[in-house]
Amino acid sequence: MTGSHDRIVTVSMVSDTLPNVRFWVDRTLRTGVDHMLVFLDDHRPDVQAWLEQHPMVSVVHTDAAYWNHDRPTPLPDRQMVNANLSLAALAKVPSAGWLFHIDVDEALSFDRETFLELDPRAARFPTLEAVAKRRWRGGEPKYFKKQPRPEDLYALAGLGAIARPDLDAYFRGHHLGKTGVRPSPDVRFRVHSVYEHPDTKIETIIPPDMHLLHYASWCLDDFVDRWRDFRPEDAAGRPFRSKNIGTAFYTLRNHPAMSQAQRDEAVGELFDRNISDDIPLLRDFGLLVDNPLRLDQPARPMPREDVALLETRLKELLHVDKTPYKSQLLQVGRRTDGSR
Amino acid sequence: MSAPQGQVTPDRIVTATTLRDTPDNVDRFVRRTLGSGVDHAIVFLDADQPKVRAALEANPHVTVVRTGKDYWLGDRPSVVLDRQMANASVAAAALAEVPSVRWVFNIDGDEVLDIDRAALARIETDAVRLGTLEAVAKRKWRRSEPEMFKRVPSSNELHALSALKLIDAPEISAFFRGHSLGKVGVRPGADVRFRLHTAYRLPEVEIEETVQEDMHLLHLESWCLADFVSRWQGYRADRPKHRPHRDERLGAAYSLIDGDTSIGAAERDKRLGELFDRLVADDRAVLKRFDLQVRVRRREVAPRPLDRSDVAALEAALARIGAESKEGYRPTVLEAEQKAASAV
């Protein structure tokens, strides 16, 4: 197979507002990513129209016909089918070198040139999580949180800064990061790793100084965005913390005895007590890093014929049975620590 | 009033209560109860308290039953809750022989009914359920009775309080000091058995109830520092009495301070006040902010006396049942109630 194999592509499942999607696409295409595959998980004509006119984005609307009227209920199942389908579609695209699965609240932090010199089939970028603060100037968090050592976790728990000495109490989200892989029809994604169908390990390196930046609730506005559509009656099966915060958010945002200003203040307190990080303490522990995101690596468009090939392949795959593209996801309870 | 038996429309409201308390507290209970719309109070005296008994017997609106050896006949339940339920069931059976009585409520010494006689008279079912309001706990209230009460929050509200770290868990037992299940009133009957928060007919038949949103069971427990102290006075941590865990913790802390011979009375009072502030008192700013308190204006209503013949019938029935074995009056226990009782 010939071709440059040097383009870095992402795949994502999206169900968000146009401003958020726009912001995220613009940012991603400056971080070293060259092309984006976006699977729309719900019907948003404005988001779809904007993405479709973007030359560096390929869009798939995953409607009932896409799922052959058998849409998997768990969100990770749908994400993985979309990502695996993308691997199949990209396998014959000569310029495509890597595919990463990222979410709308994530970004890749890496040096493109260094990364492309690496040789393996797969690479995992561990998580750095945005330090949460009500407001950050400039639309980006100034700091990210590093992975702590076990002794840091014990000390932080002892000081009452986290509820328990474990990573799930320190990070709001996952800490395993995300894995990128060279596209091939046999490869399957899991949320944080990859394997070869049916169940063969793929050797994965962790390149130094490359990270998955996780933004989830990095500021109050983002927190509000995240929980805006939560309904307590739909919370069955969610983990306690998520149900607790979501239900509290819903209750405070709609409290009949409070004015709008009082509701906003209560939601701010909810953020302070559950999300917000103690910056001086994290600094004392050496757990802060300056925001490492590089926005100076603009996308290098794929050749036009490659984009055409990719989109033809995606069309061919649009209505095929999705069962062969499902991943063997680890069951809850057998899931690796740090997977959320 | 003098209508012949069989034609009288029953409308009288009676309470059944098991008591063991100081003369002052019992006096307060009686005045509070008989001013709330209740016409007659049956008091089962759980301890030998001649002074209390004499005072109660002097009140024409009160009937006293001393539940001593002659009453339990060697089979006294060791847990107070079991004695309360048996006594209330005895009252329900005895009152079946009193034509003027429509309602009997099983209430504790620290509870008071917030009821409307006229509304109760309109209820057609044989039972009525009143939800709990719990007195807001504050060191001192201006009046001799609490006016502000906490309502039972919704599950969503409990989540909000816990996520804001204002309570330990999104559970009612983290917000209320005591029970939240309310109490029922029933039409008296020989086959009625009271549980703590429900009632049924023998052998195990549900009684249809009306849920009355605008009437309440007011739970006063530890509503002020003085009441807190009088509740725990004499508590011995080394003699557990099947109390809920929260109570045992409070009681242990109380008796540590109360029994500390190295401190004077002033220091002791100061420490008891601190204990109250930390473990009992409510944060009134929080209650106000989340609209969790309600003001209950207490109705001052005079009791409507029972006819002399009705009092006689009641006393005769109580004397008769009082001499029987109480085995048949002890209700089957609901797991849910038991769980709730040990959780608070």
Checking B:Lys165 against (1) open to solvent by 10 Å² or more (accessible area, probe 1.4 Å); (2) in contact (Cβ under 8 Å) with a residue 12 or more places away in the chain, only one condition comes out false. Which one?
(2)
Does A:Pro280 satisfy being more than 9 Å from chain B (Cβ to nearest Cβ) and either on the phi > 0 side of the Ramachandran plot or in contact (Cβ under 8 Å) with a residue 24 or more places away in the chain (or both)?
no
Take the conditions touching a Ser or Thr at 6+ places or on another chain (Cβ under 7 Å), at pLDDT 95 or above and under 27 Å from A:Asp26 (Cβ atoms) and apply them to A:Thr204. Does it pass?
no
Output the number of the condition that B:Val294 fails; it satisfies all remaining conditions of (1) within 23 Å of the chain's Cα centre (by Cα); (2) closer than 18 Å to B:Arg102 by Cβ; (3) hydrophobic (A, V, I, L, M, F, W, C).
(2)
Residue under question is B:Asp269, and the condition is that it be modelled with pLDDT of 90 or more, open to solvent by 70 Å² or more (accessible area, probe 1.4 Å) and over 30 Å from B:Pro10 (Cα atoms); does it hold?
yes
Anything in region B:264-291 that is in a loop (DSSP other than H, G, I, E, B) and under 24 Å from the mean Cα position of the chain (by Cα)? List them, or say none.
B:Val280, B:Ala281, B:Asp282
Elements of type helices (runs of 4 or more DSSP H) in region A:158-265, at least 2 residues being away from chain B (no Cβ under 12 Å) and either open to solvent by 10 Å² or more (accessible area, probe 1.4 Å) or out of contact with any helix residue (DSSP H, G or I) (no Cβ under 9 Å at 6 or more places or on another chain) (or both)
A:167-170, A:220-227
Would you check if B:Thr22 is among the hydroxyl-bearing types (Ser, Thr, Tyr), closer than 21 Å to B:Gly178 by Cβ and surrounded by fewer than 21 Cβ atoms within 10 Å (Cβ to Cβ)?
yes
List pairs: first in region A:48-65 and more than 13 Å from A:Ser12 (Cα to Cα), second part of a helix (DSSP H, G or I), Cβ under 8 Å, 6+ apart or cross-chain?
A:Trp50/A:Leu18; A:Trp50/A:Val21; A:Trp50/A:Arg22; A:His54/A:Val25; A:Pro55/A:Val307
I'd like the residue in region B:130-158 that is among the β-branched types (Val, Ile, Thr) and open to solvent by less than 40 Å² (accessible area, probe 1.4 Å) and, out of all such residues, is farthest from the other protein chains (Cβ to nearest Cβ).
B:Thr132
Can you find even one residue in region A:28-38 that is out of contact with any helix residue (DSSP H, G or I) (no Cβ under 9 Å at 6 or more places or on another chain), without any contact (Cβ under 8 Å) to a residue 40 or more places away in the chain and in a loop (DSSP other than H, G, I, E, B)?
no
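The values are calculated or read from the model by the stated rules, or taken from the named source; none is laboratory data. Not measured: the values here are computed from a predicted model. Because the Cβ atoms are built from the backbone with ideal geometry, glycine has one as well, and the counts that use them run over all protein chains shown. Note: accessible area is taken over every heavy atom of the protein model, side chains too, but ligands, DNA and RNA are not part of it. Shrake-Rupley method; radii C 1.70, N 1.55, O 1.52, S 1.80 Å.
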